[in-house]
Amino acid sequence: MTTMTIKTEQRILIALDAHETTEESLNILAIMASQLHAPLAGLFVEDSRLFNIAELPFTTEIKRKTAQEQNFHSDTLSELNKSVSTKIQRLLEELSARHKIPYSFRTEPGELISKALTQEGVDVFFPARKRDIPQPRVFYQKKTDLLKFTLIYDASPQFERALEMIRTLAKAGLLTEITLLCDTDIPESLAHKLAGTDIKIKILSVSSITGALRDTLHMPASTLLLMPKQRITYDELTRLFTELATPLLLLN
């Protein structure tokens, strides 16, 4: 009898831009990558659309928190991008050293979602984006701290990879419970695939995965949403992206 081995050690691309990213979600990813032996690749995208707008005469911006209006120039935007990318790169360096995982970092112009989704041969991680309402800070540095997963079900090789990742993290004592979102019947064999891990499975039946995503993206930032890349389109992700308060991992 031949046993199929599913490779889980795939490079993870971290999709980043000038929007503030929560440290918690990057730390969650680093812990996962360490257990999965997955190299990290940071991709910081400088939004070319904003630079085009900044080149227009008399362009101003209104500060989100103070509602004050000020001039908006490409030099200001460049400084902002440099400041944020430097901060994130230093954080990734610290996390990579702490968890002993290889990492790389590069900056490119373009549009974030398009750039991220067109990268081949990698899983894509979108970190949680900071909310206006303060959230509890969770760093998962102790063995007793547990990750929380919400997993989108479908009968695909990516879902099988997700199960292998979950088994690995569960055996490391980092995961004991997952929530499964499904819009179809779940095969009985699923429980057998997670046998021996003591993982509790919560099943949430929904009429539409796309419709349910709006609710899952409002979960605590310590929860990871895991789904096959083909289950979400560019347009769907673009519409949901401004609400992305939960880290999202798309499996290639």
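Return the residue satisfying two criteria in turn: it lies in region 220-235 and is touching a strand residue (DSSP E or B) at 6+ places or on another chain (Cβ under 7 Å) and at pLDDT below 80, and of such residues it is nearest to Leu163 (Cα to Cα). Filtering first and then ranking leaves Thr223.
Pairs linking a residue in region 96-114 that is loosely packed, with under 13 Cβ neighbours inside 10 Å to a residue that is in a strand (DSSP E or B) and of a type in the set (D, E, K, R), with Cβ atoms under 7 Å and 6 or more positions apart or on different chains, are Pro109/Glu46. Would it be correct to say that Thr238 is out of contact with any strand residue (DSSP E or B) (no Cβ under 8 Å at 6 or more places or on another chain), at pLDDT 75 or above, under 16 Å from Phe125 (Cα atoms) and hydroxyl-bearing (Ser, Thr, Tyr)? When the stated conditions are applied, Thr238 passes them. Going through (1) modelled with pLDDT under 90; (2) surrounded by 15 or more Cβ atoms within 10 Å (Cβ to Cβ) one by one, Leu91 falls short only on (1).
Residue count for region 151-186, restricted to those that are more than 23 Å from the chain's Cα centre (by Cα) and either surrounded by 12 or more Cβ atoms within 10 Å (Cβ to Cβ) or without any contact (Cβ under 8 Å) to a residue 24 or more places away in the chain (or both): 2. Considering region 119-143, and only residues there that are farther than 18 Å from Ser34 by Cβ, under 16 Å from the mean Cα position of the chain (by Cα) and assigned to a loop (DSSP other than H, G, I, E, B), the residue that is modelled with the lowest pLDDT turns out to be Arg131. The condition (being under 26 Å from Arg98 (Cα atoms), modelled with pLDDT of 80 or more and in a helix (DSSP H, G or I)) is satisfied by just one residue among Glu160, Glu164: Glu164.
Among the residues making up region 78-87, none is modelled with pLDDT of 90 or more and either within 22 Å of Leu251 (Cα to Cα) or touching a Phe, Trp or Tyr at 6+ places or on another chain (Cβ under 7 Å) (or both).
If you check Ala41, Ala15, Ala67 for being at pLDDT below 90, of a type outside the set (Asp, Glu) and outside any helix (DSSP H, G or I), only one passes: Ala67. Scanning region 44-64 for residues that are farther than 19 Å from Gly121 by Cα and either modelled with pLDDT of 85 or more or among the polar types (S, T, N, Q) (or both) returns Glu46, Ser48, Asn52, Thr59, Thr60. Every listed requirement among (1) at pLDDT 60 or above; (2) more than 25 Å from the chain's Cα centre (by Cα); (3) in a loop (DSSP other than H, G, I, E, B) is met by Met1 save one, (1).
The criterion of being at pLDDT 80 or above, within 25 Å of Lys148 (Cα to Cα) and hydroxyl-bearing (Ser, Thr, Tyr) holds for Ser25.
The values are calculated or read from the model by the stated rules, or taken from the named source; none is laboratory data. Predicted model, so just to flag it, every value in this text is computed and none were measured. Glycine also receives a Cβ, built like all others from the backbone with ideal geometry; neighbour counts cover every protein chain displayed.
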